[in-house]
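Chemist: Got a structure here, written out as structure tokens. Questions coming.
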Amino acid sequence: VPGLEIKELKARTVWLGCPEKCEEKYPKNAIKNQKYNVFTFIPGVLYEQFKFFLNLYFLVVSCSQFVPALKIGYLYTYWAPLGFVLTVTVVREAVDEFRRYKRDKEMNSQLYSKLTNQRIPSDMVFLRTSEKTGSCFIRTDQLDGETDWKLKVAVSCTQRLPALGDLFSINAYVYAQKPQLDIHSFEGTFTREDSDPTVHESLSIENTLWASTVVASGTVIGVVIYTGKETRSVMNTSNPKNKVGLLDLELNQLTKALFSALVALSVVMVTLQGFVGPWYRNLFRFLLLFSYIIPISLRVNLDMGKAAYGWMIMKDDNIPGTVVRTSTIPEELGRLVYLLTDKTGTLTQNEMIFKRLHLGTVSYGTDTMDEIQSHIINSYSQNSGNSTSSTPSRKPQLSAPKVRKSVSSRIHEAVKAIALCHNVTPVYESRAGVSGETEYAEVDQDFSDENRTYQASSPDEVALVQWTESVGLTLVNRDLTSMQLKTPGGHILTYYILQIFPFTSESKRMGIIVRDESSGEITFYMKGADIAMSTIVQYNDWLEEECGNMAREGLRTLVVAKKSLTEEQYQDFESRYNQAKLSIHDRNLKVAAVVESLEREMELLCLTGVEDQLQADVRPTLEMLRNAGIKIWMLTGDKLETATCIAKSSHLVSRTQDVHIFRPVTTRGEAHLELNAFRRKHDCALVVSGDSLEVCLKYYEHEFVELACQCPAVVCCRCSPTQKAHIVKLLQHHTGKRTCAIGDGGNDVSMIQAADCGIGIEGKEGKQASLAADFSITQFKHIGRLLMVHGRNSYKRSAALGQFVMHRGLIISTMQAVFSSVFYFASVPLYQGFLMVGYATIYTMFPVFSLVLDQDVKPEMALLYPELYKDLTKGRSLSFKTFLIWVLISIYQGGILMYGALLLFESEFVHVVAISFTALILTELLMVALTIRTWHWLMVVAEFLSLGCYVASLAFLNEYFDVAFITTVTFLWKVSAITVVSCLPLYILKYLKRKFSPPSYSKLTS
């Protein structure tokens, strides 16, 4: 189908095997990640470059050299540096672009017929599978970041067709709603017209196969409903913005200041000249002469510096596996004020362990699990002889009053409920020697414990089923219609699954209706969060209190309940349920209403507690970050109690601190009262839920953010992925401070991309977050070193480097100004051709660039005293103040060098060039030595290398230097005298400053 852009997304009807019936044109199914195509590449890259004020300015200057009247010196003095900068950039972009092109091409050229163990190319409705059960598993790690498998069901009408070819002979179509963002919902219908009663089947999320997921078992056949731009996976990827660091913005501001200085200086020169002759031409010549005030090599130096920092981060053995994906912002790591972190998988390991079973009167912990085991063994051995009933033998006491059940039978009921009410499937690795094709009968199936693994959509569920296995009731088999449990005695119990109501984030609960094969009893089991379940179960006095107790211990709680149904009750329910499922409008509401009719007065069985363990060294890391003045916000999708207790156990909130739990608010008035109540508290952590947050931001955005920013720690629970990103943007907008987001799952991607600096952890939830992030780490604890050592160094080094490069340009412009004013304001260049090019490159480049190796304190000290990091957030290493100091230094040194040379020069003009240029080079080298705080052997090499280059080149530059004069003693002493006068005062000043107001780091190193 030719890909015509459709602006409006529409619902569609797709006929099976009849492409000619399709009226609409839909986008073609190709993925495109490239930024440019063949024609837009060069213009696009150049635009990105000349968007910066700096580069545009140089382009104008270089072009002006083609005008004869304005020509100063040689063309290459201007074009060579500019050409170099552009070449480096274009090559870097071209390599990136080519990689993207190859990746896209590889993705788009895959051919598909039947799908087995391949990525699904577009969104489809699942029609048929080779599996006997009519269902298959898919892996969705690329779509939602979850590593577990999901069960998908084929449309039963097409699955029942006798042969594959019949798909084309039937007259059927699929109706699908218009494409949308939500990957967890879908509404559609399947209609077959040529059968006697027309077949209508409702399609839901479990009949779909989204693009980018992988078929894990069997082969599947589907009908394509969305392609290309309309697939769920493409609609959910936002285009990441290009991140620009704060330091780059600050330097851009300074270059603008320099530009105004340049214009002012030129105007002053022309004014002093007295506007004689063609003054505007002279003005332009002055502008060109002084154009060195703005250093072209600034960008190149900084970009190379960034590459060097990235290389150092990746080579650091203390944080192995760290990857720098965005090389442009390493300095941001040194300026962070807010750290927004995900909870599950980032602070915790996402590994669940069953800890507690509570039955209302009795509670079992890890040390008393053996009691449960013996109860289970007893209750199943009583009726092993009497195999008709699988429940413990109960005498039919219909008339007798309901006696309080014994503990043993209650444990038995609870364990059975936990073993049945879930969405877990046991998967067996096939033994060697058994070919995968042979479908062996149930009896031969290898139910041995060694090669069984459980697959489910959440680690909590697996933990529960593993626990029932440990106490003796094992889930051994499951397909779409039945489940089999193995008792401690080795008997297999079969249960037929009549209905299953999956867990959703709205309902916060899941249910299942099963029929016991041996007795025919129908039971409705349910488990879910305490908030959702407390209204459903019969009245009791212990549930709420115990849930609170477990949450304080840091356990995730689930409430389990059951209800027995008669055959009539069930049949009535089923007909209403199926009717609701076929409706096209408000289907979800109608289905929920039918299910709710069952969820009344259920019998409460037990409460389970599962623990999620913290990652390694979370506590010391959070402690260090807090001491560094970083405010930590925890944004999680989890419920309030769990989030609060993890915040306490990870020491995000310190022991002594109060925790203010923001009450749920829904209206403006409530929000107002609650904010006032919070305003009265001092130094306490804030815990707020996602929906209350929405209300506050709607009415009192500014006040809320202001209050929250004063808190030492903030926990937001029940946050959706978009809310996480929204909070990041709010902080950036209101505080103007730098933010950093860290997470590990697909649900954190939007937050990571919105933050100034995004860090991804390669976790259990797949690699999606670490691929979208700017920096990817393997463990949470590495973040300490990444910020305290690398972030701090990158920022301080880049600040020093940037200012030094500016100083290098200013000093030569000052000399030019002095020179021109002495010679009656003539617009004549002081240094010709190669001297200028050599000055900016070969003579001073290496020592100046070696500043990227400088460090003020050793990494161990920086980690030991995170307070050092606090100073950086004020941005004092690079500000207008420090910049002005450098300007003054440049003016002083330039003036001394020039006047000194003019005072001391002999009869010829050529000597003034030789003396001043040599003194200039020496001054630059000495200034680098003055700036450095910790020497590195490469720095020494760079200093001597540059000096050597200069001395060697003196022999070749006969047109500028008189070799006979250079070798005389007078030349040497004059140069030395000038250099000493220009540098000694600065050394003295620096020494006095260190003596009387030492910086914080020097106090530690002394």
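Chemist: Using Cα positions and a limit of under 20 Å, work out the aspartates and glutamates in reach of K874, with same-chain residues fewer than 8 apart set aside.
Modeler: D248, E250, E331, E332, E706, D756, D856
Chemist: I would also like to ask the following. Could you please report the charge total around V155, scoring K, R as +1 and D, E as -1 over all other residues with beta-carbon less than 10 angstrom from its beta-carbon? Intermediate values should be presented prior to the final figure.
Modeler: On the way: positive: R128, R160, R192; negative: E201.
After counting each charged neighbour, the total is +2.
Chemist: Within straight cross-link reach of K102, meaning Cα distance under 17 Å, which lysines are found once same-chain residues fewer than 8 apart are removed?
Modeler: Here the lysines satisfying the reach criterion relative to K102 are K32, K35.
Chemist: Grab the other residues whose beta carbon is less than 9 angstrom from that of D342, score K and R as +1, D and E as -1, and report the net. Walk me through the numbers on the way to the answer.
Modeler: On the way: positive: K343, K724; negative: D744, D748.
The answer is 0.
Chemist: Sticking with this one: Could you rank the peptides 485-497, 285-297, 638-650 by their average count of other C-beta atoms within 10 Å per residue, with the highest value first?
Modeler: 285-297, 638-650, 485-497
Chemist: Out of the total accessible area of the chain (probe 1.4 Å, heavy atoms of protein only), what percent is carbon and sulfur? List each step's numbers first, then the result.
Modeler: Working: 27330 of 46680 Å².
Here it works out to 59 percent.
Chemist: Per residue, how much accessible area does the stretch 845-929 have with a 1.4 Å probe, in Å²?
Modeler: On the way: 3600 Å² over 85 residues.
The answer is 42 Å² per residue.
Chemist: Taking the alpha-carbon centroid of each part, what is the distance from the stretch 942-973 to the stretch 626-693 in angstrom?
Modeler: 69 Å
Chemist: Simple spin-label model, 7 Å along Cα-to-Cβ: M304 to K256 in nm?
Modeler: Inter-label distance under the simple model: 2.9 nm.
Chemist: Follow-up. Efficiency by 1/(1 + (r/R0)^6): what FRET value for A592 and K729, r their Cβ-Cβ distance, R0 = 30 Å, to the nearest 0.05?
Modeler: Efficiency at R0 = 30 Å is approximately 0.35.
Chemist: A further question follows. As an exercise, use a Förster radius of 25 Å and the Cβ-Cβ distance of N318 and K874 to find the FRET efficiency, rounded to the nearest 0.05.
Modeler: 0.35
Chemist: Accessible area per residue, 1.4 Å probe, Å², for the stretch 1-100: what's the number?
Modeler: That works out to 64 Å² per residue.
Chemist: Taking only DSSP H segments of four or more residues, each worth -39500 (n - 2.57), what value at 222 nm results for the chain once the sum is divided by all its residues, to the nearest 500 deg cm²/dmol? Provide the component values of the computation, followed by the final result.
Modeler: Values: 36 runs with 454 residues, N = 1006.
So the calculated ellipticity at 222 nm is -14000 deg cm²/dmol.
Chemist: Classify the stretch 467-608 as rounded, prolate or oblate, taking a ≥ b ≥ c as the square roots of the eigenvalues of its Cα gyration tensor: rounded when a/c is under 1.5, otherwise prolate if a/b is larger than b/c and oblate if not.
Modeler: oblate
Chemist: Please give the helix 53-64 orientation as an angle from the longest Cα principal axis of the chain, in degrees from 0 to 90, rounded to the nearest 10.
Modeler: 40 degrees
Chemist: Arrange the residues F186, F41 by how much accessible surface each exposes, largest first, with a 1.4 angstrom probe.
Modeler: F41, F186
Chemist: Could you state the number of Å between the C-alpha centres of the stretch 791-812 and the stretch 198-219?
Modeler: Comparing the Cα centres of the stretch 198-219 and the stretch 791-812, I get a distance of 58 Å.
Chemist: Quick one: if you stick a label point 7 Å off each Cα along the C-beta vector at V268 and E48, how many nm between them?
Modeler: Placing both labels 7 Å along Cα→Cβ, they lie 4.0 nm apart.
Chemist: Let me ask something else. Quick one: Cα centre-to-centre distance for the stretch 149-193 and the stretch 832-862, in angstrom?
Modeler: 66 Å
Chemist: Still on this structure: Quick check on packing: order 842-854, 818-830, 601-613 by the mean number of other C-beta atoms within 10 Å, highest mean leading.
Modeler: 842-854, 601-613, 818-830
Chemist: Based on the Cβ-Cβ distance from R600 to L111, what FRET efficiency comes out when R0 is 56 Å, to the nearest 0.05?
Modeler: E between R600 and L111, to the nearest 0.05, is 0.55.
Chemist: Around Y539, what is the net charge, scoring Lys/Arg as +1 and Asp/Glu as -1 over all other residues with Cβ under 13 Å from its Cβ? Write down the numbers at each step before the final one.
Modeler: Numbers: positive: R600; negative: D541, E544, E601, E603.
It works out to a net charge of -3.
Chemist: What are the lysines whose alpha-carbon lies under 17 Å from the alpha-carbon of K995, with same-chain residues fewer than 8 places away excluded?
Modeler: K1003
Chemist: Here's something else I'd like to know. Listed here are the pairs K256/K737; K796/K993; K105/K724; K71/K306; K648/K737; K508/K681; which of them are more than 28 Å apart at the Cα?
Modeler: With Cα atoms farther than 28 Å apart: K105/K724; K71/K306; K508/K681.
Chemist: I would also like to ask the following. Please report the antiparallel percentage of the DSSP beta bridges confined to the chain, to the nearest 5.
Modeler: Taking every DSSP beta bridge with both residues in the chain, the antiparallel ones total about 75 percent.
Chemist: Take peptides 64-70, 264-270 and line them up by average Cβ neighbours within 10 Å, highest first, as a rough protection proxy.
Modeler: Highest mean packing first, the order is 264-270, 64-70.
The values are calculated or read from the model by the stated rules, or taken from the named source; none is laboratory data. Since the model is a prediction, treat every value here as computed from it, not as a measurement. Every residue, glycine among them, receives a Cβ derived from its backbone with ideal geometry; neighbour counts consider all protein chains shown. For accessibility, only protein heavy atoms count, side chains too; no ligands or nucleic acids. Shrake-Rupley method; radii C 1.70, N 1.55, O 1.52, S 1.80 Å.
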